[in-house]
1. Please calculate how many Å² of accessible area the chain carries per residue, with a 1.4 Å probe and no DNA, RNA or ligand atoms counted.
2. Using the per-residue mean of other Cβ atoms lying within 10 Å as a proxy for protection, in what order, highest first, do the peptides 55-65, 23-33 fall?
3. In terms of solvent-accessible area of protein heavy atoms at a 1.4 angstrom probe, what is the ranking of Met139, Met178, Met160, highest value first?
4. Pairs of alpha-carbon atoms within less than 8 angstrom and 6+ residues apart define the contacts here; what relative contact order does the chain have, in percent?
5. Please grab the % of Cα pairs in region 106-157 that end up more than 11 Å from each other.
6. If every alpha-carbon in region 20-133 counts as one equal scatterer, what log10 I(q)/I(0) does Debye give at q = 0.15, 0.16, 0.17, 0.18 1/Å?
7. Which one, Ala201, Ser112, Ala54, projects farthest toward the positive side of the charge dipole computed for the chain from Cβ point charges (K/R +1, D/E -1)?
8. So what are the radius of gyration and Dmax for the Cα set of the chain, in Å?
Amino acid sequence: MEQQTISSTSLLLQSKLLRKIAPYTLAGYSRWRQLVDSDGAIPARIKALYVAVAATTKGYVSMAQRELKRAHQLGLTFEEASAAAVVLSSVRGEGAALSFISTLEAEYPPGSEGEVPMPEIEVGPEEAEQNFLRYFGTMPPSLGKLIELLPLGGDAYYLMREGTINGTALGPKYSELMLVAVLAADYSPLASVHINGARTAGATETEIAETIVCTVLTSGLSAWVSGANAMDVRPG
């Protein structure tokens, strides 16, 4: 495992107070950072992006900025980084998405491309329903209720879900794992849905574990426990 520089982003490890009073804590935390900051099953640049996304969901803007800068220094492209804006729009809504977009545009200054028209995408009859069935195997009750009571909402859910998983430069596997990072950072049991989605997209157990470790940096040891439990939840 190639060691990457950690001192530039890990302010916790630089704390004089913690170095004095918490040697065990910092010794442990430095090992989590080694797992995240090094190329492993997942490239370090992608894991840095996952930390930035998890930090954004927790409201830790300065941490998100540091981690995205580190990801950029490790070779993360704008196209890869911008995938987080798509994912956050779907899984954490407008506030989180706009917060990340501000961080993104500060790190990758946009050019002057002028006005961009609002996209228009038609959804055919039963297109959303068939998409859900292909992905989940059976219709989740929550989505069945949405289609039954608010068909336009069913189309909305389908379009955002499809764009999040299949519409980014990261591709389905890393997009699913980013969803895992967001959900694990908030200790959500829904992480299991996207853990299984990541497996379907080709993710290994080690890749899933490394993703969850990224959220320990934003959400503490409980993020690992919650995420590891979600790994054991299998469909059916």
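1. Working: 12220 Å² over 236 residues.
Averaged over the residues of the chain, the accessible area is 52 Å².
2. Working: 55-65: 19.7, 23-33: 13.8.
By packing density, highest mean first, the sequence is 55-65, 23-33.
3. Details: Met139 55, Met178 0, Met160 90 Å².
Largest accessible area first, the list is Met160, Met139, Met178.
4. Working: 288 pairs, mean separation 48.3, N = 236.
20 percent.
5. Values: 999 of 1326 pairs.
The calculated P(r) of region 106-157 puts 75 percent of pairs beyond 11 Å.
6. Debye output, listed in q order: -0.79, -0.86, -0.92, -0.98.
7. Ala54
8. So, for the chain, Rg and Dmax equal 18.6, 64 Å respectively.
The values are calculated or read from the model by the stated rules, or taken from the named source; none is laboratory data. Treat the numbers as computed from the prediction; the structure is a model and nothing was measured. Cβ: placed from backbone, ideal geometry, glycine included. Neighbour counts: every protein chain shown. Protein only, heavy atoms only, side chains kept; ligands, DNA and RNA dropped before computing areas. Shrake-Rupley method; radii C 1.70, N 1.55, O 1.52, S 1.80 Å.
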